[in-house]
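What follows is one structure encoded as structure tokens, with my remarks underneath.
The values are calculated or read from the model by the stated rules, or taken from the named source; none is laboratory data. A quick note: this is a predicted structure, and the numbers were derived from the prediction, not measured. Heads up, the Cβs are rebuilt from the backbone with ideal geometry, glycines too, and the neighbour counts pull from every protein chain shown. Protein only, heavy atoms only, side chains kept; ligands, DNA and RNA dropped before computing areas. Shrake-Rupley method; radii C 1.70, N 1.55, O 1.52, S 1.80 Å.
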Amino acid sequence: MPRPILATIHTHALQHNLARARAAAPDARVWAVVKANAYGHGIEHVFEGLRGADGFALLDLAEAERVRGLGWRGPILLLEGVFEPRDLELCSRLNLWHAIHSDPQIDMLATHKTHQPHRVFLKMNSGMNRLGFTPARFRAAWTRLNALPQVDEISLMTHFSDADGARGIAEQMTVFATVTQDLPGERTLSNSAATLRHGAQSLSTRLGGLRAAADWIRPGIAVYGSSPDFPEHAMTHWDLQPTMTLASRIIGTQDLNAGDSVGYGSSFTADRPMRIGIVACGYADGYPRCAPTGTPVLVNGMRTRTVGRVSMDMITVDLSALQHAGVEAGYGSEVTLWGRARHGAVLPIDEVAHAAGTVGYELMCALAQRVPAIVL
Ligand SMILES: *Cc1c(COP(=O)(O)O)cnc(C)c1O
């Protein structure tokens, strides 16, 4: 028998979550964001669940090739655009739309001997100060692009820094709308948080009535069933379902006396007699090493907590209140690290991430290669 750890990707949940994103922006088309190997799920594993999207957005040219290899003929957008001139060949060959966020990218396009003109998404830095042209330089970039025979259609994009928080999106939307008001082309602004929290928001008609949903939304994390603004709102608030379950089994148990400690560094000491279970899952599987004692976990669908330090291949969980859990006839109880237990109980990835001081995004993306995955 292989080591009992397994990741399950839930196709129905992907479809459901995609529908939730659509419902929040009913007039917009949807880019399903599948960067980082579909947030750790595996592009091939999510394709069936997400093929109802209007396009796929990602960063890596090799990932774009994989999406085309699955038979997808619709739009694909490179969110960071090209990295070197020869990437443009692949854009031509695979018909990839690409972001333009810098002058060197325009230079590359200007010297590219293309046959089919390119569809580009000109990116504005409206306040996040990562990629994009500043408002002051945006129109000059647009004019330069518009003069190139290599360019077919210019769409306009920006990205919000605080869509999940108190600051919101209004300032950045206003900057974007002010600069782009009389430019033609489709617009895309909103990630998951902006779509779910502000999808219906729009600016005054004086600013062109720009809507946060615009022509295209770009949801990523919500499609994967993690709340973009946890802990303010949990996944159930947004009616999202978990798309990745990480499950394993108890492979051993120990009875502790008061004063006994557990694991490396003896970081946990029992203050009374306890029973603990050893789970075949550790940081080499993608479980966060910094998850402290008390991180939630399900055993046979019932909630308990981790105790002691996460090691490379194992964690330890408190079974004191779970009499029937353990290893019987060599077969250990089901442990759900996050996602859905066999009988339906859900442990949101956001709760595990929060306990470990991180976000659901990081846990999904860190799922290790060595964990086998199945698609339901
Ligand atoms: C990753 C990314 C998204 C998706 O963000 P989520 O928070 O996962 O919804 C959208 N737009 C851009 C430019 C991105 O890089």
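When residues in segment 362-376 are screened for being over 23 Å from Val307 (Cα atoms) and either of a type in the set (Val, Ile, Thr) or surrounded by fewer than 15 Cβ atoms within 10 Å (Cβ to Cβ) (or both), 6 of them pass.
Considering only residues in segment 164-206 that are of a type in the set (Ser, Thr, Tyr) and under 25 Å from the mean Cα position of the chain (by Cα), the one that is surrounded by the fewest Cβ atoms within 10 Å (Cβ to Cβ) turns out to be Thr188. Go through (1) under 20 Å from the mean Cα position of the chain (by Cα); (2) in a loop (DSSP other than H, G, I, E, B) one by one and return the number of the condition Pro4 breaks. Just one mismatch for Pro4, condition (1).
Of all residues in segment 362-374, those that are at pLDDT 95 or above have Cβ atoms under 8 Å from Cβ atoms of residues that are among the hydroxyl-bearing types (Ser, Thr, Tyr) and in a helix (DSSP H, G or I), 6 or more apart or on another chain, in Met364/Tyr39; Met364/Tyr224; Cys365/Tyr39.
Reported count of residues in segment 345-361, each being within 11 Å of Ile221 (Cβ to Cβ) and open to solvent by 40 Å² or more (accessible area, probe 1.4 Å), is 2.
Look through segment 67-84, keep the residues that are away from the ligand (no atom under 12 Å from the Cβ) and under 18 Å from the mean Cα position of the chain (by Cα), and return whichever of them is nearest to Leu109 (Cα to Cα).
To start, the set of residues in segment 67-84 that are away from the ligand (no atom under 12 Å from the Cβ) comprises 67-76, 82-84.
With the extra rule that they be under 18 Å from the mean Cα position of the chain (by Cα), the set shrinks to 67, 76.
On the way: Val67: 24, Ile76: 18 Å.
Checked segment 67-84; the qualifying residue nearest to Leu109 (Cα to Cα) is Ile76.
Assigned to a strand (DSSP E or B) and either within 16 Å of the ligand (Cβ to nearest atom) or among the acidic types (Asp, Glu) (or both): does that describe Leu131? No: the conditions fail for Leu131. Can you say whether Thr253 is part of a strand (DSSP E or B), open to solvent by less than 10 Å² (accessible area, probe 1.4 Å) and away from the ligand (no atom under 16 Å from the Cβ), as far as the supplied structure shows? So Thr253 fails the test. If the condition is being touching a Ser or Thr at 6+ places or on another chain (Cβ under 8 Å) and under 24 Å from Tyr264 (Cβ atoms), then segment 304-321 contributes Arg305, Thr306, Val307, Gly308, Arg309, Ile315, Thr316, Val317, Asp318, Leu319.
Yes or no, residue by residue, for (1) over 24 Å from Leu363 (Cα atoms); (2) touching a residue at least 40 places away in the same chain (Cβ under 8 Å); (3) of a type in the set (Asp, Glu):
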{"position": "Gly263", "(1), (2), (3)": "no, yes, no"}
{"position": "Ala270", "(1), (2), (3)": "yes, no, no"}
{"position": "Gly277", "(1), (2), (3)": "no, yes, no"}
{"position": "Cys281", "(1), (2), (3)": "no, yes, no"}
{"position": "Asp285", "(1), (2), (3)": "no, yes, yes"}
{"position": "Cys290", "(1), (2), (3)": "no, yes, no"}
{"position": "Gly294", "(1), (2), (3)": "no, yes, no"}
{"position": "Gly308", "(1), (2), (3)": "no, yes, no"}
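On the stretch given as segment 207-239, residues that are open to solvent by 30 Å² or more (accessible area, probe 1.4 Å) and among the basic types (Lys, Arg) total 1. Evaluated against (1) under 22 Å from Leu79 (Cα atoms); (2) among the small types (Gly, Ala, Ser); (3) away from the ligand (no atom under 16 Å from the Cβ), Ala147 falls short on exactly one condition, (1). When we screen Leu50, Leu6, Leu14, Leu88 for residues that are among the hydrophobic types (A, V, I, L, M, F, W, C) and closer than 22 Å to Asp152 by Cα, the only hit is Leu88.
Scanning segment 118-135 finds no residues that are more than 21 Å from Asn191 (Cβ to Cβ), surrounded by fewer than 22 Cβ atoms within 10 Å (Cβ to Cβ) and out of contact with any Phe, Trp or Tyr (no Cβ under 8 Å at 6 or more places or on another chain).
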